[in-house]
Structures are given as C-alpha cells and as structure tokens.
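Step one of this worksheet: look at the structure below.
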Amino acid sequence: MKIKVHWIIDGVAEIEADTPEEAENKVENELSKFMGENKSLSDSLGARAIQGKAYFPGSDDNPEEIIDNE
C-alpha cells in the first residue's frame with residue numbers, strides 16, 4: 001500500500017548580510033547546493049521546493065533557536 005507523507009523542514013539561521021534579500025539568497029544557495037549534491041535523497045523524499053523569508057531578529061526570538069553561521 002502506498003501512503004503519501006507531506007513533510008516540512010523548519011529552521012532558523014542567523015546570517016551575516018547587508019539586506020534581507022542577500023540573507024535569503026545565501027541560505028537558498030546553500031540549500032540548493034546541498035539538494036543538488038544529494039540527488040538520491042531529494043528524489044526519494046520527493047522534495048519539490050525550498051522556501052524561506054528573512055526578517056530582522058526581534059524580542060520574540062529565542063536565542064537558543066538561532067544558528068550562528070559565522
């Protein structure tokens with residue numbers, strides 16, 4: 001029996017950039033590179049899209065949830 005699984009990977013990275021758009025591009029490039037280098041993984045899991053949105057950290061952000069990529 002085939003069963004479909006809709007999955008989402010959620011993450012937050014702190015990126016050094018001059019603009020939110022630049023930060024989004026840096027993350028997208030890294031994730032796209034990873035997916036391209038792991039084609040069998042993306043094929044077997046049916047990955048179709050990568051999506052993200054940059055924002056300036058605020059008081060609601062939990063410092064333990066932010067990954068420092070410096």
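Scanning region 26-40 turns up no residue that is at positive phi and at pLDDT below 85. When 46, 58 are screened for being at positive phi and exposed (fewer than 14 other Cβ atoms within 10 Å of the Cβ), only 46 passes.
Restricted to region 5-22, and to residues there that are part of a loop (DSSP other than H, G, I, E, B) and among the acidic types (Asp, Glu), the residue that is surrounded by the most Cβ atoms within 10 Å (Cβ to Cβ) is 16. Name every residue in region 23-42 that is surrounded by fewer than 14 Cβ atoms within 10 Å (Cβ to Cβ) and among the small types (Gly, Ala, Ser), in order of residue number. Within region 23-42, 32, 36, 40 meet the criteria.
The residue that is nearest to residue 15 (Cα to Cα), counting only those in region 29-51 that are of a type in the set (Gly, Ala, Ser) and assigned to a helix (DSSP H, G or I), is 32.
Among the residues of region 22-39, those that are more than 17 Å from residue 55 (Cβ to Cβ) and over 12 Å from the mean Cα position of the chain (by Cα) comprise 36, 37, 38, 39. Can you pull out the residues in region 8-59 that are free of Cβ contacts under 8 Å to residues at least 24 places away in the same chain and among the aromatic types (Phe, Trp, Tyr)? Across region 8-59, the qualifying residue is only 34.
The values are calculated or read from the model by the stated rules, or taken from the named source; none is laboratory data. The structure presented is a predicted model; accordingly, all values stated were derived computationally and were not measured. Counting neighbours? That spans all protein chains shown, and the Cβs are built from the backbone with ideal geometry, glycine included.
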